[in-house]
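What follows draws every value from the coordinates through simple rules; no lab data is involved. Remember, predicted model here, so these are calculated numbers, not experimental data. FYI the Cβ positions are ideal-geometry reconstructions off the backbone, even for glycines, and counts take in every protein chain you see.
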Amino acid sequence: MIEELYTSKQVELRNRARELAETVMRPVAAKYDVEQTYPWEVQHAIRDAGLSGVWIPEEYGGLGGGVLDLCMVVEEFSRACGGMGVGFAVNALGSFPILVGGTDEQKERWLPGIAAGEKLIAFGLSEKDAGSDAGSMTTRAEKEGDQYVLNGEKKWNTGGAVAAYNTIFAVTEPGRGARGVSAFVVEEGTPGYRVGKHEDKMGIRCVPVVEIHLEDCRIPADNLLGGQEGRGFKHAMITLDRARPGVAAQAVGLAQGALDLALEYTHERKQFGQSISSFQGVQWMLADMATQIEGARQLVHAAARTIDAGVKNITRMSAMCKLLATDVAMKVTTDCVQLFGGYGYCKDYPIEKYMRDAKITQIYEGTNQIQRLVIARALMREAASGS
Ligand code: CAA
């Protein structure tokens, strides 16, 4: 990162995140990867370092940072551990719908606890049969007096098992497609809200990804975000536009972390009587990887700055940075395993974890096939309108 391009506050934030990543996350990354348990000690360290609410406005107790600040922190965390990076970033994904569509009262109610690191929040959009086609969800929310009754199942709920709040999208008006979807905040402990299956995952193993069951789950009507039905899908899309650079930053962090390890290893590893980094074939791989990472980072930061500047059409930039950075992460982490040779394929070295953690970034928050669809649609729309 070229420090001169950032404010002193951002550099300080990045340094604080890096320090925490190196001293708290890296030493325990392998342990939680093996155990597949949630690292509460890490969550508490993030809270104690005052980083929990980077993206939340100061009036609700956050640091008042933008998407760029969020991305800088996520990159640093992910450089040490991709799972810990997403375990943090998912709270932005879960709380953006409140920021984007919540009333002032709802923001007052839920954001301070998240900003203080006392409450975690998840994002419940996907279902077993509604992944890429999020608008085909079937979870139902029916109004009864001053309550909504929720029934259905959510899938791929990242952080759901440890979250105090869950932003749940449900159909309030069947037959209207995306326009019949509304967003609600459901609080842990509400009768009828149940955490189900924990996925046994290839990577990001320290963060629980679970199914959420809603069985006659009654919540106050006040938990309908924005107090208006039918706006949930739009809010989900606007949220994903703001959150995808966070996934992209996770990918950049993973790629950078893997390259750091490969630089060290190729210097130390001797074959044919010399460091393998003295071979031009290896040097070219290192140079290509560094170039791809920097290109991805710059696009992520450009997308984040575009969002923070309040530009109206952010969808294309957001999808582009997610697509590029996550494909770079997969390629770079795979090439880094290659540089470690047989050792890279074994768990004695930390490098294979980077490759496993990177894979999901091409899948969640919209597969990279969906990102291409989103980009193409935006391009055609812009061409048609002459912008
Ligand atoms: N901003 C604002 N509004 C938007 C929008 C955007 N970016 N994109 C779409 N909309 C609006 C449209 O204008 C339309 O509104 P009207 O009905 O008023 O015209 C409405 O939303 C429906 O839009 P589309 O017709 O374009 O919807 P679609 O059904 O064709 O689907 C899609 C579009 C882009 C494919 C969308 O379904 C999508 O993004 N799918 C991927 C879902 C996804 O990313 N899921 C990941 C969930 S999170 C996760 O991974 C787990 C985790 O916990 C980390």
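The slack in the chain from Leu379 to Lys347, taken as 0.36 nm per residue of separation less the alpha-carbon distance, amounts to 7.2 nm. Once C-alpha pairs closer than 8 Å and six or more residues apart are averaged by separation and normalised to the residue number of the chain, the relative contact order reads 17 percent. Just so you know, the averaged projected area of the alpha carbon convex hull for the chain sits at 19.6 nm². A simple rule links phi to the HN-Hα coupling: the Karplus curve 6.51 cos²θ - 1.76 cosθ + 1.60 with θ = phi - 60°, which for the stretch 249-262 gives 5, 4, 5, 4, x, 4, 5, 5, x, 5, 5, 3, 5, 5 Hz, with x for Gly and Pro. Across the stretch 292-300, rounded Karplus estimates of 3J(HN,Hα) from the backbone phi angles (6.51 cos²θ - 1.76 cosθ + 1.60, θ = phi - 60°) give 5, 5, 5, x, 5, 4, 5, 5, 4 Hz, Gly and Pro being marked x. Per-residue ellipticity at 222 nm from helix content only, as computed over the chain with -39500 (n - 2.57) for each DSSP H run of at least four residues, stands at -17500 deg cm²/dmol. For the stretch 129-168, the relative contact order comes to 23 percent (Cα pairs under 8 Å, sequence separation of at least 6). Taking amide H positions as modeled 1.01 Å from N, with prolines and chain starts lacking one, the residues under 5 Å from Arg269 and 5 or more places away or on another chain are Ile276.
Reducing the stretch 30-68 and the stretch 191-207 to their Cα centroids gives an inter-centroid distance of 19 Å. Listing Leu254, Leu324, Leu5 from fewest to most neighbouring C-beta atoms within 10 Å gives Leu5, Leu324, Leu254.
Listing Tyr38, Tyr32 from fewest to most neighbouring C-beta atoms within 10 Å gives Tyr38, Tyr32. A cut-off of 5 Å between modelled amide H atoms, ignoring neighbours fewer than 5 places along the same chain, links Glu127 with Lys155. Exposure proxy shown here: for Lys353, Lys9, Lys331, the number of other Cβ atoms within 10 Å sets the order, fewest to most, as Lys9, Lys331, Lys353.
Straight Cα distances below 22 angstrom link Lys353 to the lysines Lys31, Lys201, Lys322, Lys331, with same-chain residues fewer than 8 positions distant left out. Ignoring aspartates and glutamates fewer than eight residues from Lys197 along the same chain, the ones with Cα atoms less than 12 angstrom from its Cα are Glu153, Glu211. Each principal axis of the Cα cloud of the stretch 84-143 was evaluated for its coordinate range; sorted largest first, these ranges are 35, 34, 16 Å. For the stretch 13-148, the square roots a ≥ b ≥ c of the C-alpha gyration tensor eigenvalues yield an a/c of 1.5 or more together with a/b not exceeding b/c, which makes the shape oblate. Between the residues Ala262, Ser277, Ala325, the greatest Cα displacement towards the positive end of the dipole of the stretch 254-387, with unit charges on the Cβ of Lys, Arg, Asp and Glu, is found for Ala325.
Label reach from Ala302 (point 7 Å along Cα→C-beta): in the stretch 310-344, amide nitrogens under 14 Å belong to 316-325.
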